[in-house]
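Just below is one structure, and these are the notes that go with it.
Throughout, read-outs are computed from the coordinates displayed, never taken from laboratory work. Everything numeric in this text was worked out from a predicted model, so none of it was measured. Cβ placement follows ideal geometry from the backbone for every residue including glycine, while neighbour counts extend to all protein chains displayed.
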């Protein structure tokens, strides 16, 4: 699946209160791309992720997935599209506290009235090192384990792309490093496109294609 953003802009307010959060961004995400987008707080990197993933709509510009403009979809159609084609990993784990790790992981499938592929679920959780933690509630897991559960949830529907927004932001350096290695391993083994938003240069350097964003303007800095 090829993703193309053309002249994407996001503007808030009018007149003196006008803020350009994203300024005419162009970006192509190809098959098996691993992309990092780095920028300081307020640079527009999270705004860009929200637009690329269909969580928000732009002021102007287009975003196509295999030639289909996803902003032309209704809110309900777009929600279904995201659930089936896109995986999300956030700084906050967003696990439901009353559900076990397994129940949290398979929730996207249940919302789609589907049953999990048990063999795939086992493969995924073993790869992430949480196969023996599936019966535990979130508060019984470490921060690193909770983020691994969140990653498994993002991958359970076998999405075309994973968007990760500061995925190590709530973790200590050791756990954060382990989570990033797992994301990199998943990208290599499963062939899923991966886009990571970060302010950490070490994490950004792990990607094959690297971008920086400053004041809403995106530039590629990958050494060719």
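Just one of (1) surrounded by fewer than 16 Cβ atoms within 10 Å (Cβ to Cβ); (2) out of contact with any helix residue (DSSP H, G or I) (no Cβ under 7 Å at 6 or more places or on another chain) trips up residue 96, so point out which.
Residue 96 satisfies every listed condition except (2).
Which of the residues belonging to the stretch 51-66 are without any contact (Cβ under 8 Å) to a residue 60 or more places away in the chain and surrounded by fewer than 19 Cβ atoms within 10 Å (Cβ to Cβ)?
Scanning the stretch 51-66 gives 55, 56, 57, 59, 60, 61, 62.
If you go through the stretch 190-204, how many residues are out of contact with any strand residue (DSSP E or B) (no Cβ under 6 Å at 6 or more places or on another chain) and in contact (Cβ under 8 Å) with a residue 40 or more places away in the chain?
Matching residues across the stretch 190-204 total 5.
Looking at (1) within 23 Å of residue 191 (Cα to Cα); (2) surrounded by 15 or more Cβ atoms within 10 Å (Cβ to Cβ); (3) in contact (Cβ under 8 Å) with a residue 60 or more places away in the chain, find the lone condition where residue 82 falls short.
All conditions are met except number (3).
Yes/no matrix, rows are residues, columns are (1) out of contact with any strand residue (DSSP E or B) (no Cβ under 8 Å at 6 or more places or on another chain); (2) surrounded by 22 or more Cβ atoms within 10 Å (Cβ to Cβ); (3) closer than 30 Å to residue 4 by Cα:
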site	(1), (2), (3)
114	yes, no, yes
117	yes, no, no
121	yes, no, no
128	yes, yes, no
137	yes, no, no
142	yes, no, no
150	no, yes, yes
154	no, yes, yes
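Inside the stretch 10-29, can you point out the residues that are in contact (Cβ under 8 Å) with a residue 40 or more places away in the chain and either under 19 Å from residue 159 (Cα atoms) or touching a helix residue (DSSP H, G or I) at 6+ places or on another chain (Cβ under 9 Å) (or both)?
Across the stretch 10-29, the qualifying residues are 10, 21, 22, 25, 27, 29.
Residue by residue through the stretch 16-50, note down the ones that are within 18 Å of the chain's Cα centre (by Cα), surrounded by fewer than 22 Cβ atoms within 10 Å (Cβ to Cβ) and on the phi > 0 side of the Ramachandran plot.
Once the filter is applied, which keeps residues that are within 18 Å of the chain's Cα centre (by Cα), surrounded by fewer than 22 Cβ atoms within 10 Å (Cβ to Cβ) and on the phi > 0 side of the Ramachandran plot, the stretch 16-50 yields only 32.
For residues in the stretch 163-189 being touching a residue at least 60 places away in the same chain (Cβ under 8 Å) and over 20 Å from residue 41 (Cα atoms), which is surrounded by the fewest Cβ atoms within 10 Å (Cβ to Cβ)?
So, considering only residues that are touching a residue at least 60 places away in the same chain (Cβ under 8 Å) and over 20 Å from residue 41 (Cα atoms), the one surrounded by the fewest Cβ atoms within 10 Å (Cβ to Cβ) is 189.
Please tell me if residue 218 is within 19 Å of residue 93 (Cα to Cα) and surrounded by 14 or more Cβ atoms within 10 Å (Cβ to Cβ).
When the stated conditions are applied, residue 218 does not pass them.
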